[in-house]
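J.: There's a structure below that I have some questions on.
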Amino acid sequence: MSDIDESFIPSPPSDFYETEPDEAPPLPVRVRVRHEADAQIPLRAVRYSSRKKRWAQTSNCARGVREPLPSTVRLVTWNLDFTAPDRKKRLLAALSYIQQHVLDCRTISERPEPCCILLQEVHESVFTQILNAEWVRRCFIVVPTSVDKWPDQAEYGNVTLVSRTIPVVNASTIKFSNSKMKRNAIFVDIKLSIPAHEDEPRLSGGIVTLRVANTHLESMPEGTPARPKQLKLIGGALRGRGILGGIVAGDMNAISPADERIVEAAGLYDAWEGDDDEEGFTWGYQTLEQLPPGRLDKVLTTGEEGFVVDQPERIGIGEAIGRGKWVSDHYGLVTRVHIVRED
């Protein structure tokens, strides 16, 4: 069966901020529901309504998208360190850095290129700062809607931001049953277009669904036995009927020789093509922990034809809110994902 979704055609453009699309009903009261262990649990994706002055569930259509669907997406991942003080200042500094220096948006009203921002270790006390950030309100869809969508009693978790120029047609989470640290993965399904030939209309190439996962695997040496199953669960969830393929990015906590084997065992491929040396290390330089530096953060793909991922580059090196007050103990990563024609 083809992965091309020929039925999904964007509607005519409308203003991306001031004119709101038809919106879903208000979010219902949230309750805890028991799910099978390691099941993919549906989540809601929300966008801010400037007219109604609140966050509302998105529609799985392209109304409000100002132009045809993109074929290229910028992907940013960054672990923001929940343990360090000044959480609010560091979170806002990280968002500002991504806005201005990674996505080149000099003002909060400037719309970024199509992108997904994957954040890990967002502390529960600053989650609302993301929802209150004007740039996020203007330009992004947010998953999850609240901290109670993280694993039970988690003090921190993952947050995914998707630019409004990309329709999010599905979102879900897997809460790892073997995690003692309350870790999970968040998935979003996004619609992208296959590039058309130069002499053809822009949308004639077709439309596909790409699944993007944001994760934080079990930490420390004692977490080594848990990481293989966690990544394997993600690898399986990145594939599905009607899905072109998938990408998972985040803090993989690759700190032991055993972690070099779990990527392949999960059926995934590392987007990093360089040597496993300081050129790719993302942790160990802005921390007091007595562990050697390493490439803890990664971008992994399912490897199917139809899309390619550029080699990731490090971001956030040396970023601080004051002398010795790093924005995070991790560097972030940025890459681009390209939908490509197979003919």
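No value in this document is a laboratory result; all are computed from the given coordinates. For clarity, every value in this text was computed on a predicted model and none was experimentally measured. Note: ideal-geometry Cβ built from the backbone for every residue, glycine included; neighbour counts use all protein chains shown.
J.: On a full-extension model of 0.36 nm per residue, what is the gain between R261 and A320, subtracting their alpha-carbon distance, rounded to one decimal in nm?
T.: Full extension of this stretch gives 17.8 nm more.
J.: If you take every residue apart from V136 with its C-beta less than 11 Å away from the C-beta of V136, what net charge results, scoring Lys and Arg +1 and Asp and Glu -1?
T.: Once all neighbours under 11 Å are counted, the net charge is +3.
J.: Can you tell me the length gained on complete extension of the stretch E200 to E273, counting 0.36 nm per residue apart and subtracting the Cα distance?
T.: Extra length from E200 to E273 when fully extended: 22.8 nm.
J.: Out of the stretch 91-194, which chymotrypsin sites (Phe, Trp or Tyr not before Pro) are coil in DSSP terms and have no more than 15 other C-beta atoms within 10 Å?
T.: none
J.: For E304 and Q57, what does the FRET efficiency come to when R0 = 41 Å and r is the distance between their Cβ atoms, rounded to the nearest 0.05?
T.: Calculated value: 0.85.
J.: Filter the GluC sites (Glu not before Pro) in the stretch 259-343 to those in DSSP coil with at most 16 other Cβ atoms within 10 Å of their Cβ, and list the result.
T.: E273, E278, E279, E289, E304, E305, E342
J.: Under a crude label model (7 Å from the Cα following the beta-carbon direction), how far is K88 from E36 in nanometres?
T.: 4.4
J.: Using alpha-carbon positions, what is the distance between the centroids of the stretch 285-343 and the stretch 69-143, in Å?
T.: About 15 Å separates the Cα centre of the stretch 285-343 from the one of the stretch 69-143.
J.: Would you mind telling me which residue in G303, G246, G274 has the biggest mean-square fluctuation in a Gaussian network model of the chain, where springs connect alpha carbons within a distance under 10 angstrom?
T.: Checking each option, the largest mean-square fluctuation is seen for G274.
J.: Relative contact order for the chain: what is it in percent, counting Cα pairs under 8 Å that are at least 6 residues apart?
T.: Once divided by the residue count of the chain, the mean separation gives 19 percent.
J.: Obtain the radius of gyration and the Kirkwood radius of the chain from its C-alpha atoms and give Rg over Rh.
T.: Using Cα coordinates only, the ratio equals 0.94.
J.: Still on this structure: About the Cα centre of the chain, how large is the charge dipole given +1 on each Lys and Arg Cβ and -1 on each Asp and Glu Cβ? Please answer in debye to the nearest 20.
T.: About 1800 debye.
J.: With θ taken as phi - 60° and the coefficients 6.51, -1.76 and 1.60, list the Karplus ³J(HN,Hα) couplings across the stretch 312-322 in order, rounded to whole Hz; mark glycine and proline as x.
T.: The phi angles translate into x, 10, 7, 10, x, 5, x, 5, 8, 9, x Hz.
J.: Which Cα, out of G246, T58, A185, lies furthest along the positive dipole direction of the chain (beta carbon charges, K/R +1, D/E -1)?
T.: Farthest towards the positive pole: T58.
J.: Follow-up question, since we're still on this one. Given the -39500 (n - 2.57) contribution per DSSP H run of 4+ residues, what per-residue ellipticity at 222 nm results for the chain, rounded to the nearest 500 deg cm²/dmol?
T.: -3000 deg cm²/dmol
J.: Kindly state, to the nearest 0.05, the FRET efficiency for E342 paired with E113, given R0 = 35 Å and r defined as their beta-carbon distance.
T.: For E342 and E113, the calculated efficiency is 0.90.
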